[in-house]
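Everything on this sheet refers to the single structure shown next.
The values are calculated or read from the model by the stated rules, or taken from the named source; none is laboratory data. Predicted model only: the values in this text are computed from it and were never measured. Here the Cβ positions follow ideal geometry from the backbone for every residue, glycine too, while neighbour counts run over all protein chains shown.
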Amino acid sequence: MNLLLVGVNHKTAPVALREKLASFIPDPEEACRALKTYPELSELILYSTCNRVEVLCVTAVAEEAETRLKAFFARDEEIAGALEESLYIHRDLDAVQHLFRVAASLDSMVVGEPQVLGQIKEAYRQATSQNASGPILNRLLHKSFSVAKRVRRETGIGDAAVSVSYAAVSLGKKIFGSLAGKNVLLLGAGEMAELALEHLRGQRVAQVVIANRTLERGVRLAERFRGEAVSLEELEAQLLSADILISSTGSPEYLLTRDQVKAAMRRRKQRPLFLIDIAVPRDLDPGINDLDNVYLYNIDDLQEVVAQGWEHRHQEAAKAERLVAAETLKFLEWLETLEVFPTIIDLKEKADRICGAELDKTLKQLGPLTEEQRQALEVLTHSIAQKLLHDPIIFLKRNHHPKKIQKDLDLVRRLFNLDLDRQEDAKILVEKKSSKPPE
Amino acid sequence: MADVLLYLSLMAYFGGTALWLGFFLAQREGLCRAGAWVMGLGLIPHTLALCLRAWNYGHFPAATLGDTLLVLDWALVAAFLFLNWRFPIKVLGALAAPLAALMICGALILPPGRGPVSPLLNSLWLAVHIILALLGYAALTLAFLGGIFYLVQERQLKGKKFGSFFYRRLPSLEQLDALNYWCLTIGFPLFTLGIIAGSLYAQHALGRFWSWDPKEVLTLIAWLIYAVLLHERLTVGWRGRRAALLAICGFLVLVITFLGANLWFSSYHSFESFTRQP
């Protein structure tokens, strides 16, 4: 059995090519069905996200499967040439490792982003619903989920903030502990503010108030977030009830001065105030940060948080890579133990055959017997055979060193003459057909 | 025998210290849970040792600095464990556990109380006075430790030192400020009741409520600091840095009260007078 993974991702293919490829494989379900018709692929899964299209399959004939899959990707002539360079092919160990890395979000464009695992789970669900996966892929995919979970749990790959809005949320958490129930005041209803609001809503903030120069846009945004729109003139009054303020207006001068905030703080009974100024030029007087219980950050500060978040993620990714490498080896060990099963089956078949033949002979010589006696003889022969085979089977199933297993298999097959049997199988079976078939 | 028990506690507290510091550095959840258990286990021999001493002496074991330190340490560990259970600010253990261990060390180094004590000390009232005051001390000590963390974390946030060692490890300002508030609202009444109990006993035993001896004066100063802090918190809404600073100031005065008044000034509150026959 060979594992084969063919695909393109954001590192090998430009976005134009990925787009086209995605449009040729519009429906993963259908693509999966098409792939299933190839007899070379015994198990397969296809996953396509915005950054990658990959097919992972189990095959007995690696070469043929590879050409099949290449042809599948290059179905359209328009992209066939470009694909030649972008397509990567991973086999066995590399394929397993690649899948683990993808699931653990180590191969993502934004390293550590959590969505990719969900996308793979969805693809796997689809593959199982179409019976496209089998015992090997089932185990491999489940393993990849648990590896991804371990990476998330044991490394800090998803901890640090890597976007400006997430950075704002993580800063807020260091001030407030939890943002749930906090009131948000937006100055300006720009795109950045909207994005930040989206993140804050995920933190279950209480009230959202939007103060905008043009009330209309403010109202529209307020409707989306079930908030309230006010005019900029009410700013000082609104400052009394807000906990988090995000400012992103195009105003050329400061909207809030140090003295204004100082006065507001006294009236707020010093409840902490978290101010984020993502506007350029700045909306909020930098001197505000000197006040007690007021925390002011501008866009550069948030960028700094983001930069450190990246650094942290890359450090943690190195830890995750080690974890993935170890898990890959473990999986391959399991895969190799699969190789012993055909031999075990051969052994058992041979024993059954001998038992059947000997039983026939004996029964003929003994003459008429009661049903009970006959059954007792059958049980006797089978249990003798089973007891004899018990140790060789245990020997095979024991965890072998990957390099030794081929030698051990060979030894057992020669010892029990399994391969010669195979050639004579046909003859014996033909002879048997005429007499009574073994039970 | 009491010493053997104390050594057991000492080992547990040092073990707890190692676990909590390990948690602080590595941020592994299991370490702090183990740390709390080890501290809790250490409290058992600590309690037994105190009971044993009380039994042997025939009075509440607070006649020497070493003994009193043990009682204070017991109150501190108990208060810390209670806080850790109800209101988990996990990093607090990284300061509280070593402090607890050091206090036992101090108690073991200092000479234990032997011989007869002043009959003044043989009173239930006095035990109440000491226990309440020391429980108050313990809660206010935790407020002090929280205050230190607050100042450090606030410095990180104001100075925009994101991703620094402390920024990542310390909890949010709101939590640390709430710690200050809770410890104050529990510690201050206990402390006040302790003073009242002492003054009532003084009236009973010495015929006057207040004698203006150095310990009493310093205690009054500390009490005023905490009273101001609590009042301003409740009315004007003082919080954050100022509250942390005042909690630290108040604690420093308490330390002077506890150690200094006994070592430098002589008064009827100092330990040497306890073991002297009147």
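What the table shows:
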read-out: Odd one out for residue B:229 among (1) more than 30 Å from residue A:156 (Cβ to Cβ); (2) more than 14 Å from every other protein chain (Cβ to nearest Cβ); (3) surrounded by 21 or more Cβ atoms within 10 Å (Cβ to Cβ); value: (2)
read-out: Test: residue in the stretch A:114-132 that is touching a Gly at 6+ places or on another chain (Cβ under 9 Å) and either outside any helix (DSSP H, G or I) or among the aliphatic types (A, V, I, L, M) (or both); value: yes
read-out: Of all residues in the stretch A:128-160 being out of contact with any Phe, Trp or Tyr (no Cβ under 9 Å at 6 or more places or on another chain) and among the small types (Gly, Ala, Ser), the one that is modelled with the highest pLDDT; value: A:146
read-out: Residue that is surrounded by the most Cβ atoms within 10 Å (Cβ to Cβ) [pool: residues in the stretch B:161-176 that are outside any loop (DSSP other than H, G, I, E, B) and more than 8 Å from chain A (Cβ to nearest Cβ)]; value: B:176
read-out: Every residue from the stretch B:1-46 that is among the hydroxyl-bearing types (Ser, Thr, Tyr) and at pLDDT below 90; value: B:7, B:9
read-out: Verdict on residue B:192 being touching a helix residue (DSSP H, G or I) at 6+ places or on another chain (Cβ under 6 Å), more than 14 Å from chain A (Cβ to nearest Cβ) and either surrounded by 15 or more Cβ atoms within 10 Å (Cβ to Cβ) or of a type in the set (A, V, I, L, M) (or both); value: no
read-out: Complete set of residues in the stretch A:284-324 that are polar (S, T, N, Q) and within 9 Å of another protein chain (Cβ to nearest Cβ); value: A:289, A:293, A:308
read-out: Residue, nearest to residue A:105 (Cα to Cα), within the stretch A:1-30, restricted to residues that are surrounded by fewer than 18 Cβ atoms within 10 Å (Cβ to Cβ) and among the small types (Gly, Ala, Ser); value: A:22
read-out: Boolean, residue A:137 is in a helix (DSSP H, G or I) and under 14 Å from the mean Cα position of the chain (by Cα); value: yes
read-out: The stretch B:86-105, residues that are at pLDDT 85 or above, surrounded by fewer than 23 Cβ atoms within 10 Å (Cβ to Cβ) and of a type outside the set (A, V, I, L, M); value: B:98, B:105
read-out: Unmet criterion (only one of (1) more than 8 Å from chain A (Cβ to nearest Cβ); (2) within 23 Å of the chain's Cα centre (by Cα); (3) buried (at least 21 other Cβ atoms within 10 Å of the Cβ)) for residue B:185; value: (3)
read-out: Matching option when the condition is in contact with a strand residue (DSSP E or B) (Cβ under 8 Å, 6 or more places away or on another chain) and within 27 Å of residue B:28 (Cα to Cα), among A:107, A:159; value: A:107
read-out: Some residue of the stretch A:165-178 being away from chain B (no Cβ under 14 Å), at pLDDT below 85, under 30 Å from residue A:108 (Cβ atoms) and not in a strand (DSSP E or B); value: yes
